[in-house]
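Remarks on the structure that follows.
The values are calculated or read from the model by the stated rules, or taken from the named source; none is laboratory data. Quick caveat: nothing in here was measured; it's all calculated off a predicted structure. Don't worry about glycine lacking a Cβ; one is built from the backbone with ideal geometry, like all the others, and counts go over all protein chains shown. All accessible areas refer to the heavy atoms of the entire protein, side chains included, with ligands and DNA or RNA removed. Shrake-Rupley method; radii C 1.70, N 1.55, O 1.52, S 1.80 Å.
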Amino acid sequence: MLRGILLKVAATFAFAAMSATIKTVSTRFPVGEIVLFRSLFAMAALVVWLARRGEFPHALSTRRKLGHVGRSIAGSGGMFFGFIALSLLPLADATAFTFVSPLLIVPMAALGLGENVRPYRWAAVGVGFVGVLIMLSDDLGRSAAAQGYASGAAVALGGALCTAVAMIQTRRLSRSEATGAIVFYFTTVTTVISATLLTLAALWPGGVPGAEFFAGQRFVAPNGFEMALLVSIGLLGGAGQILMTASYRYAEASIIAAFDYVSMIWAATLGYAVFAETPSAAVLSGAAVVAAAGLYALWRERVARDVAKDDDAVVAGASAEVQ
């Protein structure tokens with residue numbers, strides 16, 4: 001179990017380092033270019049990992065192509081929105097808003113998957129959204145900074161929504177699809193979308209609707225140091241995905257998921273060390289409320305599952321006595 005926890009903590013650090021690097025380059029490069037490098041080099045890391053495990057290319061076989069497309073489009077939306085949010089918000093703030101995704105999954109699972117959602121999970125969702133309001137309260141109360149922060153928060157919440165949709169679709173796919181296939185096709189789709197965006201930006205004529213937007217999305221040639229940063233974004237993302245996937249092999253999912261919130265520690269530390277950012281008390285308090293709600297839901301889910309196992313054991317024992 002300890003090995004699984006350590007792998008998960010390492011994964012959260014890789015993703016936090018990736019986010020910090022994205023924030024560093026976001027003022028110089030368009031989001032489409034950043035996503036392209038993130039996808040291409042993450043795919044390279046994934047292929048090497050699958051090959052070393054002897055799972056390439058047969059692990060990529062699929063019977064649900066449209067399911068992968070839907071999951072990948074939602075995940076791509078989460079990635080684009082998330083990267084934009086990093087350019088608009090402090091690193092810790094952008095990370096804190098990602099904690100909303102697990103809360104959004106609860107109503108989506110009830111509506112889309114027909115899952116039986118217990119009252120305590122609905123309560124956790126309500127408490128979690130109170131935490132979101134707390135995070136928003138401080139900066140939205142300042143008129144000078146409110147507009148910019150509100151835009152960043154809206155983009156971050158949009159990313160959380162897309163990520164939640166992607167997670168729901170991943171649950172569906174995981175019933176029949178290998179993890180390597182799910183990650184590979186997601187990375188492929190994000191590569192295609194980002195490359196298409198950059199191509200359109202290069203070809204889009206001036207003086208027509210959309211010209212201003214596409215002008216800001218044109219490819220920017222990086223120098224050597226910038227290229228290293230862009231490549232590291234993809235490698236860190238790929239490494240984080242591999243570490244996270246591996247962590248679930250050594251510990252229960254409910255235990256591993258609880259360590260998602262370690263990312264806030266990394267984000268606050270890197271935000272202060274790299275960007276001299278200090279999270280406000282409102283952001284820290286709100287993130288703590290959201291994390292507590294999520295951890296409570298995980299704990300209650302595990303307790304309920306353990307009780308169900310005990311009940312099954314009692315029934316099995318009673319049946320054996322009758323026989």
Suppose all protein chains stay in the model; what accessible area per residue would a 1.4 Å probe give for the chain, in Å²? 49 Å²
Find how much the distance from residue 133 to residue 174 grows on full extension, using 0.36 nm per residue of separation minus their present alpha carbon separation; answer in nm with one decimal. 11.4 nm
Taking 0.36 nm per residue of separation and subtracting the Cα-Cα distance, what length does fully extending residue 123 through residue 203 add? 23.8 nm
Accessible area (Å², 1.4 Å probe, nearest 10) - residue 220: 40 Å²
Please build a GNM for the chain, connecting alpha carbons under 10 Å apart, and tell me which residue among 90, 205, 30 fluctuates the most. 205
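Take every Cα-Cα pair in the chain and report what % of them are more than 23 Å apart.
61 percent
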Please arrange 290, 189 by accessible surface area, largest first, computed with a 1.4 Å probe and ligands excluded. 189, 290
Hey, any idea what % of the chain's accessible area is carbon plus sulfur with a 1.4 Å probe? 67 percent
Calculated FRET efficiency, residue 53 and residue 276, Cβ-Cβ r, R0 30 Å, to nearest 0.05? 0.10
Under the Karplus relation 6.51 cos²θ - 1.76 cosθ + 1.60, θ = phi - 60°, what is the ordered set of whole-Hz ³J(HN,Hα) values for region 238-248, x standing for Gly and Pro? x, 5, x, 5, 5, 4, 5, 4, 5, 4, 6
Which residue fluctuates the most in the chain, going by a Gaussian network model with Cα springs under 10 Å, if the choices are 36, 235, 203? 203
Theoretical FRET efficiency, 1/(1+(r/R0)^6), r = Cβ-Cβ of residue 213 and residue 150, R0 22 Å, to 0.05: 0.60
For region 1-157: relative contact order, % (alpha-carbon pairs under 8 angstrom, 6 or more apart): 26 percent
Extended-chain gain in nm, criterion 0.36 nm per residue less alpha-carbon gap, residue 250 and residue 285: 9.4 nm
Karplus-derived 3J(HN,Hα) from phi for region 49-55 (6.51 cos²θ - 1.76 cosθ + 1.60, θ = phi - 60°), whole Hz, x at Gly and Pro, runs 4, 5, 5, 5, 8, x, 10
In deg cm²/dmol and to the nearest 500, what is the mean residue ellipticity at 222 nm of the chain if only DSSP H runs of at least 4 residues count, each as -39500 (n - 2.57), divided by the residue total? -27500 deg cm²/dmol
Run through region 22-109 and list the trypsin sites (Lys or Arg not before Pro) located in a DSSP loop whose Cβ has at most 14 other Cβ atoms within 10 Å. 28, 53, 63
So which residue, out of 110, 292, 257, gets the largest mean-square fluctuation from a GNM of the chain using Cα contacts under 10 Å as springs? 110
Nearest 10 degrees is fine. How inclined is helix 65-88 to the longest principal axis of the chain, computing both from alpha carbons? 60 degrees
Got a sec? What order do 122, 204 fall in by accessible area at 1.4 Å, biggest, i.e. largest, first? 122, 204
Förster radius 22 Å - calculated FRET efficiency between residue 6 and residue 299 (Cβ-Cβ, nearest 0.05): 0.55
Show 244, 227 ordered by accessible area, largest first, where the area counts protein heavy atoms only and the probe is 1.4 Å. 227, 244
Can you pull the percent of Cα pairs in region 1-146 with separation above 18 Å? 72 percent
